[in-house]
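**Q** What follows is a single structure, and I will ask about it in a moment.
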Amino acid sequence: MLMVFSATYILPVVTSIIYQDGTLSMFLNDMSLTLMAGLLLWGLNRKYERELKTREGFIIVVVAWLGMAGFATLPLMSYLPDLSFTDAYFESMSGLSTTGSTVLSNLDSFAPAINLWRHELNWLGGMGIIVLAVAILPVLGIGGRQLFVAETPGPMKDTKLTPRITETAKNLWLIYSLITFACILSLKLAGMDWLDAICHAFSTLSLGGFSTHDLSVGFYDSPAIESVLIVFMLLAGMNFSTHFIVFQTRNFNIYRQDIEAFPFLILLLLSSLGVGFYLWYQGTYYEFGTALRHASFNVVSIGTDCGLTSEDFNNWPIFAPLWMLFLSCISVCTGSTGGGIKMMRTLILIKQSLLQMFLLSHPTSVNPLKLGGMVISSRITLSVLGFIFVYFMSVVLLTLILVLSGMDLISSFSAIIASINNAGPGLGSVGPASNYSGLTDFQTWTCTLAMFLGRIEIFTALTLLTPAFWRK
């Protein structure tokens, strides 16, 4: 995997050559170091060849995410020699987990290749660097079904687009790349230069939230750019399996048949209108059109766990940003590049709650849980309930840890919610007008852990801590 990961340096190397920004030798050295580490590990383990088991798939996913984030710190620490390993690891984990939180300032003055590297981490993490490896590793004679099951987000992990897992991974990357290319062209036409268009397309399709400017999208103050980004954030928040089937069949009715797509879009539409009206009513913006513009962009961005911002919503009446953080927990679809609980689990939980209330008044009724005409098995329902319990317990525990470390409650809670949902900016000292650079090392590692848990959906990591996992 490190050998595959070393190929990701090619794009910043080309960018460095084009812009002559002085980072070429740095990237070539880091690329060589990563490649040599990969070759060394491959050489030491090449004689051990057998089909991966489920247990090994989970271990490799966890180790790969932690290891890739470690190697991704090399360009950051080479370019910024005063940057500590703690902050560099936070930044690289934020990129690969598509969180978009940052400890860096003066982004506008960064070398083009460094900014592109940060955004490339977003893009790779969006679909999952493990899925990319699944499409390539079979060429080397290594199976990958277990990796795909451990990495793919959501409760419907066993759903396959094609009979072969390799083809599934390639098809997902194909549609992901095509939509990214369309976003690049659209942003260029809307007024960005090529470098910014590529970088922001990477962070938009991955719902990663990195930007080339400290002011994020607010730097442009452009309704056209914001409109383009809203459209592609919504596309990225939907199931990429659905996108691929529509692309393959040319049948847009597939979107109507998607169980999650309609609730996802309606929730964000109504939230944008509601928050826009609320901001206008509260006098935050004197014109309703201006209020709706900024509400729509920031509600969609935080609600889809992207994290790009056009305004400092930390200064808005507190209900608006809290509602946006709530949306980041529940809104995006299964199989998207977003984080949080996901819309599928939200719908199952709502249906189960309504069913339980119905059974209280009709205890003898036999009424199975259905979603989109399908009967949801009790195994899936219990899995969803278990996940949501562990999710909220993780939020509470990590928030209390930050409070214990000296951070105020609002900043602690919003930092953990933003991190575990991979949404980026929070409130208070970690709001959109600032960043995470003011955190202590302990607080930084706590948020890094939250980002990691959120990206691999908690259970993948926590399963490794159970005694049953290690029993033969």
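**Q** Using amide H atoms built 1.01 Å from N in the peptide plane, name the residues 5+ places from residue 334, or on other chains, whose amide H lies under 5 Å from its own.
**A** Under 5 Å from the amide H of residue 334: 343, 344.
**Q** Okay, moving on. I need the calculated FRET efficiency for the pair residue 365 and residue 470, taking r as the beta carbon distance and R₀ as 45 Å, to the nearest 0.05. All intermediate terms of the calculation are to be shown ahead of the outcome.
**A** Values: r = 43 Å, r/R0 = 0.96.
Computed FRET efficiency for residue 365 and residue 470 comes out at 0.55.
**Q** Under the classification rounded if a/c is under 1.5, otherwise prolate if a/b is larger than b/c and oblate if not, where does the chain fall, given a ≥ b ≥ c as square roots of the Cα gyration tensor eigenvalues?
**A** Details: a/c = 1.40, a/b = 1.06, b/c = 1.31.
Rounded.
**Q** Now, a different point. When the accessible area of the chain is computed with all protein chains present and a 1.4 Å probe, what percentage of it is carbon and sulfur?
**A** Numbers: 13730 of 20370 Å².
So the carbon and sulfur contribution to the accessible surface is 67 percent.
**Q** Moving on to the next point. Looking at the chain, identify the longest residue range that excludes and avoids all GluC sites (Glu not before Pro) in DSSP loops having at most 16 other Cβ atoms within 10 Å. Don't jump to the answer; show the numbers that get you there.
**A** Numbers: sites that count: 49, 51, 287.
The longest uninterrupted stretch comes out as 52-286.
**Q** Go ahead and run the numbers for FRET between residue 108 and residue 378, Cβ-Cβ distance against an R0 of 56 Å, rounding to 0.05. Don't skip to the answer; put the middle values down first.
**A** On the way: r = 54 Å, r/R0 = 0.96.
After rounding, the FRET efficiency stands at 0.55.
**Q** Can you give the accessible area per residue of the stretch 211-323, in Å², using a 1.4 Å probe?
**A** 45
**Q** Residues with amide H under 5 Å of residue 371's amide H, sequence separation 5 or more or different chain, H placed in the peptide plane at 1.01 Å from N; which?
**A** For residue 371, the qualifying residues are 376.
**Q** Could you pull out the chymotrypsin sites (Phe, Trp or Tyr not before Pro) across the stretch 214-285 that fall in loop regions by DSSP (anything but H, G, I, E, B) with no more than 12 other Cβ atoms inside 10 Å? Before the final figure, lay out each step's value.
**A** Values: sites: 219, 220, 232, 240, 244, 247, 252, 255, 264, 277, 278, 280, 281, 285; in loops: 220, 252, 285.
Here the chymotrypsin sites (Phe, Trp or Tyr not before Pro) that fit, given the DSSP loop and packing criteria, are 252.
**Q** Let me ask something else about it. Would any residue of the stretch 61-89 have its amide N under 13 Å from a label point 7 Å out along Cα→Cβ of residue 37? List them or say none.
**A** What the label zone holds, given the 13 Å backbone N cut-off, is 64-78, 89.
**Q** Follow-up question, since we're still on this one. State which helices in the chain qualify, where a helix is a whole DSSP H run, it must extend 20 Å or more along its own axis by its Cα atoms, and its mean Kyte-Doolittle hydropathy must be at least -0.5.
**A** 24-45, 54-71, 112-127, 165-190, 261-281, 288-303, 343-361, 378-404, 441-455
**Q** Additional query: Just to be sure I follow the rule: in the chain, considering lysines 8 or more places apart or on different chains, how many pairs have Cα atoms under 28 Å apart?
**A** Lysine pair count for the chain: 21.
The values are calculated or read from the model by the stated rules, or taken from the named source; none is laboratory data. As the structure is a prediction and not an experimental result, all values here were calculated from the model. Counting neighbours? That spans all protein chains shown, and the Cβs are built from the backbone with ideal geometry, glycine included. In case anyone asks, the SASA skips ligands and DNA or RNA and just uses the protein heavy atoms, side chains included. Shrake-Rupley method; radii C 1.70, N 1.55, O 1.52, S 1.80 Å.
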